[in-house]
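Working notes, beginning with the structure itself.
The values are calculated or read from the model by the stated rules, or taken from the named source; none is laboratory data. This is a predicted model, so every value here is computed, not measured. Every residue, glycine as well, gets a Cβ built from its backbone with ideal geometry; the counts of neighbours run over all protein chains shown. Note: accessible area is taken over every heavy atom of the protein model, side chains too, but ligands, DNA and RNA are not part of it. Shrake-Rupley method; radii C 1.70, N 1.55, O 1.52, S 1.80 Å.
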Amino acid sequence: MDEHGSSGTGESFRLLVVPGATPAKWVRVWNDRLADVRLTLVHAEVEDQVRALHDGRADAALVRLPIDREGLSAIPLYTETSVVVVPRDHLLTAAEEVSLADLADETLVVPLDDTLGWTDAPGGRLDVEAPATTADAVALVAAGVGVLVVPQSLARLHHRRDVTYRPVPEAPTSSVALAWVEDRTTDLVEELVGIVRGRTVNSSRGRGAGDAGNAVSGGAPGGASGAGTSPSTPQTRRPAAGGRPKVGGRASGHGGSAQRSAGKGTGGAKGKSGGKGKSGGKGKSGGPQGGAGRRGR
């Protein structure tokens, strides 16, 4: 096994994904940067997400918080809006957003795989056994049994033509995080951390980190990690040969001033080309050396 936590050729990395988590944009970046390492998605239910990591079924996971963090590292990524799923002809569809008061007279369907844990939610509850999954709960909503409050991604995942949803700003929310086992923090895990945090390839802490130090003169590109020298960092300017550096004024000595190109000495603007040995008239910056005076007869 090499330093990246993989065995030589044919490297692979397993990313566990719970329902509703959307890794597509990070998968695209991974495939661009690490085309030689196959990224495999492993699916698991929320109740199995932590156990799957500890059992070694995945190298990292997109999990729903909260989780038991013992032995795990976790980076929160985003928080979802919660929505209420209702039949398409329900009265609540007339509103752009639904308040808690709007739910007071509704029957709430809460599946066994509920991710919100909304214990004091308004409205009534089902008199029958709770559905096992969110998909089963959506089917009950379509049948007119009640309404369902879930993270928006789950409403999209289990979308049907006969149901729709509206945001519930006052409802609890669900957050998604990247998690992995602390003592299995390989270079490939660091690569994924860099990707989800928006680091550039040169500022990664993973196996490409060694190349970042070679992003030399001018400073490393800016990234989320803030490592390296920013291109906007003021640089100490050395005096030009024959004089001190001047900002915005005339430059003396070797090189001349770029700002005088529209002035008197711009290659013959007012000068006499070829007359009495002058290089383009009165100016001091028209010659290749930017020098003052004559070239000689």
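Here are a few things to note about the model shown:
- Of all accessible heavy-atom area on region 1-156, the percent that carbon and sulfur account for (1.4 Å): 50
- Heavy-atom accessible area order for R197, R156, largest first, 1.4 Å probe: R156, R197
- Per residue, region 110-163 exposes 52 Å² of solvent-accessible protein surface, assessed with a 1.4 angstrom probe and all protein chains in place.
- Gain on full extension, evaluated as 0.36 nm per residue between A104 and A74 minus their Cα-Cα distance, stands at 7.2 nm.
- When the GluC sites (Glu not before Pro) in region 85-127 are filtered for DSSP coil states and for at most 15 other beta-carbon atoms within 10 Å of their beta-carbon, the remaining sites are E96, E97.
- Annotation: per residue accessible area for region 1-100 equals 54 Å², rounded to a whole number [probe 1.4 Å, protein chains only].
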